[in-house]
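The values are calculated or read from the model by the stated rules, or taken from the named source; none is laboratory data. Please read these numbers as outputs of a predicted model, since none were measured by experiment. So basically every Cβ, Gly included, is an ideal-geometry build from the backbone, and we count neighbours across all protein chains shown.
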Amino acid sequence: MVTAPAVVLRAAYAARTLSPVEVHDAVTAHIEATEPSLGRVFWERDPARSRLAAVASAQRWRTGEALGPLDGIPVTVKENLARAGVPMPSGTAAVTPVVPTVDAPVTARLVEAGAVVLGSTVMPDWGMLSSGVSSLHGVTRSPLDRSLTTGGSSSGAGAAAAAGFGPLHVGTDIGGSIRLPGTWLGLVTLKPSAGRVPLASPYLGRVAGPMARSGADAAALMSVISRFDARDWSALPPAELDWRSVGRDEPASVLRGLRVGLHLDAGCGLALDPQVRAVVEATAARVAAAGAHVEVVAPFMREEWLRSLDLFWRVRSWNDLLALEPAARERALPFVVRWASGGAEASGVEVLRAYQATQSIRAATIAATSAYDVVLSPVAPMAAFPAEWPMPWGPDEDLGMAHIGYTAPYNMSGQPAATVPGGRLADGREVGVQVSGRRWDDVGVLRVVAAIEELGAHSNVQ
């Protein structure tokens, strides 16, 4: 029951063979038995409150008044997505948490749809790490292997999804924070098109999106959280998209004739692990065997652009740190403080050039990928690393953002980009494949993801 997909739970509710209360109680028991071995997954969780939501949902299903596809389905939201009355510490011990008085757009849509919000999941300091290491929460560990990272910054959401703490989870992503946990935890995730999921505080490259265990579940979550909210001045116009088409068709009918790019050389950052490359190539071979036309995409990123993006974020984070009292700053994770201090001396001209680099990334990404229906690529150049490391290269080095050369371009371009499990290495570590698409084609991307799932995603790389 605790690992049942949302689409299965919804059908069971409709058939009255299962109750939202039964599911809530089973998931709650599973969380209480499992979370202690993972470090901290939830920042806030109130089982009594969420059970009341499950009871209300059960009554609606009994009377035929269900509110929609997520009524009674357990969900979580990342701690930087506001829930009225729940403090928001942004993953760091350095701040006095803001206590919002209203729900964020994502939270509001979930509550309106009758979803059972189990709680808020953790993140590292200000979301600026690709791991589950936090000065406030400690270390969050992978449910697949407690010695390994969850990825980040949607670390708690990823852990909750992989551990079976309900089927649906919402993370946020500004350079890979949804997709990195996706590749290292064997999840289906989606970084939606820019503006597809409304945010209360939109920012360049930042999105909220689903973390789940199937494309159909990710689509079901998107059908709700993508509904329009006027608070997001960057939101796309309201649109009726066919989210229910995801997972309905045979893989061949989805993939036959599709033009697919295969992007193996990021053109920047760390070198690609040959084992990770093999997983991506094997997935591309299965897609080609199903009738798609696959061709290699030349590298389009530049090292200086990735370094400029890193500098832009360092300056932003240094500005946040400067707003704190010195004693508060000392409570932040030292790794993050050291990284942010790399932007302390940046001039205004350097910051402007860094911003202009983000626009160059956007133009280059769209130009390089627009000829393809989707592009397959690695998510990260490496497999999962030790849980205690804040970044893939350990606690001591500073390589900036050398690991996000495949993911960050799609944040800047605004194109949708998903992850789907691709295979396991000989040591058992999961490797995902990124599936990116044309601007605004979120449904098309998830349809391809679901087709890859059906083809049999898991191959072992020896």
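Based on what the data block shows, is Val27 surrounded by fewer than 21 Cβ atoms within 10 Å (Cβ to Cβ), on the phi < 0 side of the Ramachandran plot, of a type in the set (A, V, I, L, M) and part of a helix (DSSP H, G or I)?
no
Sort out which residues of segment 3-18 are among the hydroxyl-bearing types (Ser, Thr, Tyr) and either on the phi > 0 side of the Ramachandran plot or crowded, with 19+ Cβ neighbours inside 10 Å (or both), and write them in order of number.
Tyr13 - this is the single residue of segment 3-18 that is among the hydroxyl-bearing types (Ser, Thr, Tyr) and either on the phi > 0 side of the Ramachandran plot or crowded, with 19+ Cβ neighbours inside 10 Å (or both).
Given segment 287-356, what helices (runs of 4 or more DSSP H) lie entirely inside it while holding 1 or more residues that are free of Cβ contacts under 8 Å to residues at least 40 places away in the same chain and in contact with a Ser or Thr (Cβ under 8 Å, 6 or more places away or on another chain)?
303-322
Please identify the pairs in which a residue from segment 99-118 that is under 11 Å from Thr76 (Cβ atoms) and in contact (Cβ under 8 Å) with a residue 60 or more places away in the chain has its Cβ atom under 8 Å from the Cβ atom of a residue that is assigned to a loop (DSSP other than H, G, I, E, B) and of a type in the set (Phe, Trp, Tyr), counting only partners at least 6 apart or on another chain.
Pairs that qualify, where the first residue is under 11 Å from Thr76 (Cβ atoms) and in contact (Cβ under 8 Å) with a residue 60 or more places away in the chain and the partner is assigned to a loop (DSSP other than H, G, I, E, B) and of a type in the set (Phe, Trp, Tyr), are Leu118/Phe165.
Just to be sure I understand the filter: pairs with C-beta atoms under 7 Å, separated by 6 or more residues or on different chains, first member in segment 6-24 and assigned to a helix (DSSP H, G or I), second member surrounded by fewer than 22 Cβ atoms within 10 Å (Cβ to Cβ) and at pLDDT below 95. Which pairs pass?
Close Cβ pairs (under 7 Å, with a partner that is surrounded by fewer than 22 Cβ atoms within 10 Å (Cβ to Cβ) and at pLDDT below 95) amount to Arg10/Pro69; Val23/Met1.
Within the group Arg438, Arg362, which residue is of a type outside the set (Val, Ile, Thr) and over 19 Å from the mean Cα position of the chain (by Cα)? Steps first, answer last, please.
Working: Arg438 fails: over 19 Å from the mean Cα position of the chain (by Cα).
Just one listed residue meets the conditions, Arg362.
Tell me which residues, restricted to segment 243-277, are aliphatic (A, V, I, L, M), crowded, with 17+ Cβ neighbours inside 10 Å and out of contact with any helix residue (DSSP H, G or I) (no Cβ under 8 Å at 6 or more places or on another chain).
Ala266, Leu272, Val276 - these are the residues of segment 243-277 that are aliphatic (A, V, I, L, M), crowded, with 17+ Cβ neighbours inside 10 Å and out of contact with any helix residue (DSSP H, G or I) (no Cβ under 8 Å at 6 or more places or on another chain).
What do you reckon, is Pro124 modelled with pLDDT of 95 or more and within 27 Å of Asp310 (Cβ to Cβ)?
Details: modelled with pLDDT of 95 or more: yes; within 27 Å of Asp310 (Cβ to Cβ): yes.
It is true that Pro124 is modelled with pLDDT of 95 or more and within 27 Å of Asp310 (Cβ to Cβ).
Return the residues of segment 282-311 that are crowded, with 18+ Cβ neighbours inside 10 Å and in contact with an Asp or Glu (Cβ under 8 Å, 6 or more places away or on another chain); say none if nothing qualifies.
Within segment 282-311, Leu311 is the sole residue that qualifies.
Return the only residue of Ser153, Ser234, Ser245, Ser223 being in contact (Cβ under 8 Å) with a residue 12 or more places away in the chain, within 30 Å of Gly138 (Cα to Cα) and not hydrophobic (A, V, I, L, M, F, W, C).
Only one candidate qualifies: Ser153.
Pick out the one residue from Val86, Val95, Val75 that is in contact with a Gly (Cβ under 9 Å, 6 or more places away or on another chain), part of a loop (DSSP other than H, G, I, E, B) and modelled with pLDDT of 95 or more.
Val86
Please enumerate the residues belonging to segment 39-56 that are closer than 19 Å to Pro89 by Cβ and either without any contact (Cβ under 8 Å) to a residue 40 or more places away in the chain or not β-branched (Val, Ile, Thr) (or both).
Matches in segment 39-56: Gly39, Arg40, Phe42, Trp43, Glu44, Arg45, Asp46.
If I filter segment 346-367 for residues that are surrounded by fewer than 18 Cβ atoms within 10 Å (Cβ to Cβ) and touching a strand residue (DSSP E or B) at 6+ places or on another chain (Cβ under 9 Å), do I get at least one hit?
Looking for residues that are surrounded by fewer than 18 Cβ atoms within 10 Å (Cβ to Cβ) and touching a strand residue (DSSP E or B) at 6+ places or on another chain (Cβ under 9 Å), one finds none in segment 346-367, hence no.
Does Ala323 satisfy the condition of being in contact with a helix residue (DSSP H, G or I) (Cβ under 6 Å, 6 or more places away or on another chain) and either small (Gly, Ala, Ser) or over 22 Å from Ala367 (Cα atoms) (or both)?
no
If you take the residues of segment 161-214 that are within 8 Å of the chain's Cα centre (by Cα) and polar (S, T, N, Q), which of them is farthest from Met401 (Cα to Cα)?
We begin by selecting, within segment 161-214, every residue within 8 Å of the chain's Cα centre (by Cα); these are 170-173, 176-182, 189-191, 208-211.
Subset that is polar (S, T, N, Q): 172, 177, 189.
Working: Thr172: 17, Ser177: 12, Thr189: 21 Å.
Only one residue fits best here, namely Thr189.
Among (1) over 28 Å from Leu136 (Cα atoms); (2) among the β-branched types (Val, Ile, Thr); (3) crowded, with 21+ Cβ neighbours inside 10 Å, there is one condition Val41 misses while meeting the rest; what is its number?
(1)
May I ask you to verify whether Val294 is of a type outside the set (D, E, K, R), within 11 Å of Leu376 (Cα to Cα), out of contact with any His (no Cβ under 7 Å at 6 or more places or on another chain) and at pLDDT 95 or above?
It is true that Val294 is of a type outside the set (D, E, K, R), within 11 Å of Leu376 (Cα to Cα), out of contact with any His (no Cβ under 7 Å at 6 or more places or on another chain) and at pLDDT 95 or above.
Starting from segment 265-286, take each residue that is within 10 Å of Gly422 (Cα to Cα) and list its partners that are assigned to a helix (DSSP H, G or I), counting only C-beta distances under 9 angstrom and pairs at least six apart or across chains.
Val276/Thr183; Thr283/Ile452; Thr283/Leu455
Here is a check on your reading of the model: is Asp232 within 14 Å of Gln434 (Cβ to Cβ), acidic (Asp, Glu) and either in contact with a Ser or Thr (Cβ under 9 Å, 6 or more places away or on another chain) or surrounded by fewer than 19 Cβ atoms within 10 Å (Cβ to Cβ) (or both)?
Working: within 14 Å of Gln434 (Cβ to Cβ): no; acidic (Asp, Glu): yes; either in contact with a Ser or Thr (Cβ under 9 Å, 6 or more places away or on another chain) or surrounded by fewer than 19 Cβ atoms within 10 Å (Cβ to Cβ) (or both): yes.
The answer is no for Asp232.
Go through (1) in contact with a Phe, Trp or Tyr (Cβ under 7 Å, 6 or more places away or on another chain); (2) farther than 22 Å from Val197 by Cα and name the single condition Glu65 misses.
So the condition that Glu65 fails would be (1).
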